[in-house]
1. So which residues in segment 126-143 are modelled with pLDDT of 95 or more and not hydrophobic (A, V, I, L, M, F, W, C)?
2. Does PHE189 meet the test of being outside the structural domain of GLU373 (by TED's automatic domain parsing), over 19 Å from the mean Cα position of the chain (by Cα) and either among the acidic types (Asp, Glu) or not in a helix (DSSP H, G or I) (or both)?
3. Exactly one of (1) over 27 Å from the mean Cα position of the chain (by Cα); (2) within 16 Å of ARG269 (Cβ to Cβ); (3) at pLDDT 95 or above is unmet by GLY199. Its number?
4. Among the listed residues GLY100, GLY121, GLY43, GLY111, identify the single one that is without any contact (Cβ under 8 Å) to a residue 40 or more places away in the chain and closer than 17 Å to ILE10 by Cα.
5. Determine which single condition MET173 fails, assuming it passes every other condition in (1) in the same structural domain as GLY355 (by TED's automatic domain parsing); (2) outside any loop (DSSP other than H, G, I, E, B).
6. For segment 134-167, give me each residue that is more than 22 Å from the chain's Cα centre (by Cα) and charged (D, E, K, R).
7. Looking only at segment 228-267, which residues are part of a loop (DSSP other than H, G, I, E, B) and either of a type in the set (D, E, K, R) or outside the structural domain of SER294 (by TED's automatic domain parsing) (or both)?
8. Can you name every residue in segment 338-362 that is under 30 Å from ASP126 (Cα atoms) and either crowded, with 22+ Cβ neighbours inside 10 Å or of a type in the set (A, V, I, L, M) (or both)?
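The values are calculated or read from the model by the stated rules, or taken from the named source; none is laboratory data. Keep in mind the model is a prediction, meaning the values are calculated, not measured. Ideal geometry is used to build each Cβ from the backbone, glycine not excepted, and the neighbour counts take in all protein chains shown.
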Amino acid sequence: MDRVKVCHIITKLELGGAQQNTLYTVNHLNSEKFEALLVCGSGGLLDKETESLKQVKTVFLPSLIRSANPFNDLFSLIKLYRILKSEKPHIVHTHSSKAGILGRWAAYFAGVPVIIHTFHGFGFHDFQSWPVKTLFVLIEKVTALISHKLIVVAKDNIDKALKHGIGRKEQYMVIRSGIETKKFASANFDKTALKASLGIPQNSSVVTTIGPFKPQKNLKDFIAAASLVSSKRPGTVFLVIGDGKQRAELESLISALKLKDAIKLLGWRRDIAELLSVSDIFVLTSLWEGLPRSVLEAMSSALPVVANSVDGTREIVKDCESGYLVEPKNPDKTAEKILELLENPELRSKMGAFGRELITTEYDIDFMVRQQEELYSELLSASHS
């Protein structure tokens, strides 16, 4: 029997959960049963990683960009259509908002038998203007009509989508955005050396966050909370892992609040397990999320989490058990919960241990791949009947 050709399409290979998981999927599909093809925009931090993919053909499409551009979008749609007509995949699986729309329509016009999309998060949110949000919702509603399956990373995402009239309930299924659970749960690093290499005093408490420097991640509130915590507990160190367009703006805020010695902007790092091992608390101030990979990694590392109560985040962080959930745009409350944990080592340990227990096989990245393989086989079989 010929292998099933699966084409994954994603907007850009940034250093994010959706991108890392897509690369992992195409590289770990059972090569005896599946042939993987990856189509993506260019200019991402993970572009070079495609060179090490085993038996995976990668096609870069420079016109496939996140920002709306009618000319680029039409050009990308035509290019995607031509690629799919040439490659003739049995299944197209799209990720991210732009690639999710253009990729699914290109697959539809190209006559691809099975069309799947994963919502790692939504392109619309409550912080957009009404006309923009309405337009994005409308586009998703229409595109859901040509989708055979809609995957979400959190159950909360199904409720949100159906509330906005996107798709039918039977179209949805949950496949968690997986992490390498063993890597974080069994981490054994030289914490003394790690702290020294980062310039962190050995007796300092460490509060960490991870994410790109963009409005969604709301890092200004993290910095505001850090300022409040520092005023009560001088010497606390705050690690910010990530980078992006808001860097200059965030640096100015850190400078204005006189936090240059307290906050370390580490840029993008690949040694996340090591950095979490020297942390005491993980914080996420995002305004919206799908299922934050960083929180899964922190919980797997037995860290208590203080996070905004949004979307998939509130599904995995159990308030007052594995950490604390706070309402968005409330850095005072975030700081209050950080201080409570810093002042109570036993509570930190108890919450961290409970959080680690919550990261079951369901959140393992290899389990995620197996679930996708089963779905592909099931949908393809149904398309032939």
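1. The answer is GLU140, LYS141, THR143.
2. Considered against the rule, which asks whether it is outside the structural domain of GLU373 (by TED's automatic domain parsing), over 19 Å from the mean Cα position of the chain (by Cα) and either among the acidic types (Asp, Glu) or not in a helix (DSSP H, G or I) (or both), PHE189 comes out as yes.
3. For GLY199, the failing item is (3).
4. Step by step, each of GLY100, GLY121, GLY43, GLY111 is checked, and only GLY43 is without any contact (Cβ under 8 Å) to a residue 40 or more places away in the chain and closer than 17 Å to ILE10 by Cα.
5. (1)
6. Correct list: LYS141, LYS163.
7. Scanning segment 228-267 gives ARG233, ASP243, LYS245, LYS258, LYS260, ASP261.
8. ILE338, LEU339, GLY355, LEU358, ILE359
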